[in-house]
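For reference, the structure is listed below as C-alpha cells.
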C-alpha cells in the first residue's frame, strides 16, 4: 500500500503540550487531558514515517518531549496529564511504561533527526532502569528493546530487559483447544506473542520464537470468521463465549497487524501479510457490523464497533490504530528490517 497517511485529525488532537485522549465527534475533549499511552502510540507512528513532512516532524518532537517529561530518574512514569500540564497520577510501571519504552525504542531506531534520536535513546535507557510485573507492560517494553537492538546489537540494558521479560511472559499452554497463557483473551492480546517472537530472535531462543509464532497463529484463527476479522470485544473472551462480541476496539486490529508485521519480518511468510490486509479491511468495513471504521479524508478513526454500528467519536487511540495499521500494511513483500 503506497498511499500517504493523512495526519489531519491527529494534528487537530495535538497541542504543543500533548495529544488529547478523547474526542466528541471530531472535537477534542480538552477536559479529559492527555495520557502517555496515546502519546507513545503517536510517537511510534510519526517516527516510522519514511519521509515525514515538517508538520509530522514537529509532532515527533512534541510527543517525545511529553514522554521524557513523564519520566522519573528510576524509570517509573506518570500516565495522566491535565490540559494545563500537571501530572495527576503516581508514577508506575503499568502498561503505559511499556508502551513508552516501545515508542522510545522505535524513535531511536527510526528518527532521522540526530538530536531527537539521542533524546530517544536517553529516554529508553532511563525507562529500562525499571521493570514491571504486568505481562503486557513487559511485552511492550520488550518490543521497544528489540528496536534498540536493531540499532545496537550490543546494548546490554536492552538484552537484560529481554531476559527479564522472558521470565514474566506466560508460555503457551499444552492444551491445544486453548493454548493462550491466560484464562481469557482481554486487551492488546497480540503483543504477548509478538514479544515472544522478538525475545526469541534476539536471545537465540528458538523454542520461544516458535511458541510466539504458534500462539499468534492460534490468536488469528480465534479472531477470524468467514475470512474476515471478528475481534475480541472490550469485555474480553473466554473459551465458553461465542461471537460476535461488542464493543470491538480498533486498537485490537492495530495490535494484531503490528504482531503480524513482526512475524513476517522474522519468517518472510506471506501468511502474516494476509492478516495485515484483513486488519486494514476491518477498518474498511470487512467486520461484523459491515461498517466503515475510519475517515479516509482526515485519518481519523472511529472509537468502537458496537452492535448498532460505529461510534462516531474519533479519539486518539482509534485514530492511531487506523494510521498504524495502514503504515504496517506498507511493508514490502520481502522480509524487511524493522
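The values are calculated or read from the model by the stated rules, or taken from the named source; none is laboratory data. Only a predicted model underlies this, so the values are computations on that prediction, with no experimental measurement involved. Cβ: placed from backbone, ideal geometry, glycine included. Neighbour counts: every protein chain shown.
For residue 96, all conditions in the list (1) assigned to a helix (DSSP H, G or I); (2) in contact with a strand residue (DSSP E or B) (Cβ under 8 Å, 6 or more places away or on another chain); (3) over 19 Å from residue 324 (Cα atoms) hold save one; what is the number of the exception?
(3)
Kindly indicate the residue of segment 47-56 that is in contact with a helix residue (DSSP H, G or I) (Cβ under 8 Å, 6 or more places away or on another chain) and not in a loop (DSSP other than H, G, I, E, B) and also surrounded by the most Cβ atoms within 10 Å (Cβ to Cβ) among those meeting that condition.
Once the filter is applied, the top-ranked residue is 47.
Could you tell me which residue of segment 70-93 is surrounded by the fewest Cβ atoms within 10 Å (Cβ to Cβ), considering only residues that are closer than 15 Å to residue 33 by Cα and free of Cβ contacts under 8 Å to residues at least 40 places away in the same chain?
The qualifying residue surrounded by the fewest Cβ atoms within 10 Å (Cβ to Cβ) is 84.
Scan segment 281-294 for residues that are touching a strand residue (DSSP E or B) at 6+ places or on another chain (Cβ under 8 Å) and either in a loop (DSSP other than H, G, I, E, B) or modelled with pLDDT under 95 (or both) and report the count.
Residues of segment 281-294 touching a strand residue (DSSP E or B) at 6+ places or on another chain (Cβ under 8 Å): 281-284, 286-289, 291-294.
Narrowing further to those that are either in a loop (DSSP other than H, G, I, E, B) or modelled with pLDDT under 95 (or both): 286-289, 291-293.
The total comes to 7.
Go through the residues of segment 98-113 one by one and say whether even a single one is modelled with pLDDT of 95 or more, out of contact with any helix residue (DSSP H, G or I) (no Cβ under 9 Å at 6 or more places or on another chain) and either surrounded by fewer than 16 Cβ atoms within 10 Å (Cβ to Cβ) or closer than 21 Å to residue 34 by Cβ (or both).
Checked segment 98-113: no residue is modelled with pLDDT of 95 or more, out of contact with any helix residue (DSSP H, G or I) (no Cβ under 9 Å at 6 or more places or on another chain) and either surrounded by fewer than 16 Cβ atoms within 10 Å (Cβ to Cβ) or closer than 21 Å to residue 34 by Cβ (or both).
Has segment 165-184 got any residue that is within 21 Å of the chain's Cα centre (by Cα), assigned to a helix (DSSP H, G or I) and over 30 Å from residue 245 (Cβ atoms)?
Scanning segment 165-184 turns up at least one residue that is within 21 Å of the chain's Cα centre (by Cα), assigned to a helix (DSSP H, G or I) and over 30 Å from residue 245 (Cβ atoms).
Please verify whether residue 211 is more than 20 Å from the chain's Cα centre (by Cα) and without any contact (Cβ under 8 Å) to a residue 24 or more places away in the chain, treating the condition exactly as stated.
no
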